Amino acid sequence: MMTVDQNRALRTRRTELLNEAKELSAKGRLSPAEQTRFDSLMQLAEQTRQQYETGERRDGRPPSGDVDGTERRTDQREVAHRSAFKSYLRTGLQGMPHEERGVLTEFRDMGSGGQGAYPGATSGFFVPLGFVNSIIESLKFTGPMVDASVVEMMDTATGAPLPYPSDNDVSVTGERVGEGQQVTSTDVSISALMLGAYKYSSRLVKVSIELLQDSAFDLESYLIKKFALRLGRTLNSDFTVGLGSGSSQPLGLLTSTVTNGTLVAAVGSSSNDGTGASTNTLGSDDFINLEHGIDVLYRPNASYMAHDSVWKAVRKVKDKFGRNIWQPALVAGQPDTINGYRMLTNNYMDTLQVNAGSPPVTKNTVVFGDMKRFLVRRVKEMSVLRLEERFADFGFGLSLSPAV
């Protein structure tokens, strides 16, 4: 847990580092030593930001269990299930006490109609609800596309194809009607997007017999971290650059934007500070053009998304008056912004090209818009399958393969 004083101290420290970096940046062209100092200050400021944001995420968690496995639920039935699940991970079904085995069987029957961890499986159990919540919270650290506060999440009971209705009525207006005159009939054109479902796995995690027998080791916490990192990476990647229909992948945000969205070409630094044309750069005017590339009704909840290396370059960009367009957050719980819009870091986005390509290469480095318009469908909960015999001759007591 992070106290208010600790949070304030970290934010104050970050402000001091950023102010010193701004003073250096205001000099214009920096010497090699000054540039090294500037980069060091920015790195320290970023590390400080990550520290207090991590604390804020932990402090704001629902009472469903922490990333470190701490149990916070008071529901005795849920606590019993978590305890039984831990026993299942360590000893398997045969080595469990009869009472705990009954708890798992009860939950399994309720979740999958008496089958295994998922339809078609012959063994394995759904993980406890607190475990699933912890996995979801941990996924936020791998990228914004698996964060329910950034994109829209829709849970469904089955993975059957799901039509999702939409309409485009933006070109139709109302009308003036004279007294006693008939109104004009104009139907709304409704279309539907077909949402599919995809199965993901963290791959097998082999756990040695010695580790299973070490009662001091928090196996549940270990698995949460491993599953979250592995699943988070592949989910965030597919939700960002997935190719969509015909590719056995979901349609990613960047792919959809490039195909159906408004593309704004960046003109670089020459448009905003008079330094001359510069390739592979972003100028302050580029962000203004990008913001006005979408309709005004989509802007109130909009945000920027880019690779971390792109944000590193953007933090040095100034407008014509020498002011940084990037504004760091000085209040707890508030994000850094550009022109008042928050900045999201997604390392599966394109990076700025270091050297000019021949022929020229187009990079889609920054996305701007209302990310809540991106829908992620989630089907059922994560399940864990315990394999006891597959690697027994190697000294491994179990292999776990969670599926979502």
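Just so it is clear, none of the values below were taken in a lab; they were calculated from the coordinates. Because the structure is predicted, anything quoted here is derived from the model rather than measured. Here the Cβ positions follow ideal geometry from the backbone for every residue, glycine too, while neighbour counts run over all protein chains shown.
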*Order by neighbour count: T173, T259, fewest other Cβ atoms within 10 Å first, most last.*
T173, T259
*According to a simple spin-label model (label point 7 Å from Cα along Cα-to-Cβ), what is the distance in nm between D295 and A9?*
5.0 nm
*asked:* Can you order the peptides 137-149, 160-172 by their average number of other Cβ atoms within 10 Å per residue, highest first?
replied: 137-149, 160-172
*Ranked by Cβ crowding within 10 angstrom, fewest neighbours first, how are M349, M305 ordered?*
M349, M305
_Please report the spacing between the Cα centers of the stretch 322-347 and the stretch 14-52 in Å, no decimals._
16 Å
*Quote to one decimal, in nm, the extra length available between L330 and K27 on full extension: 0.36 nm per residue of separation minus the C-alpha distance between them.*
106.7 nm
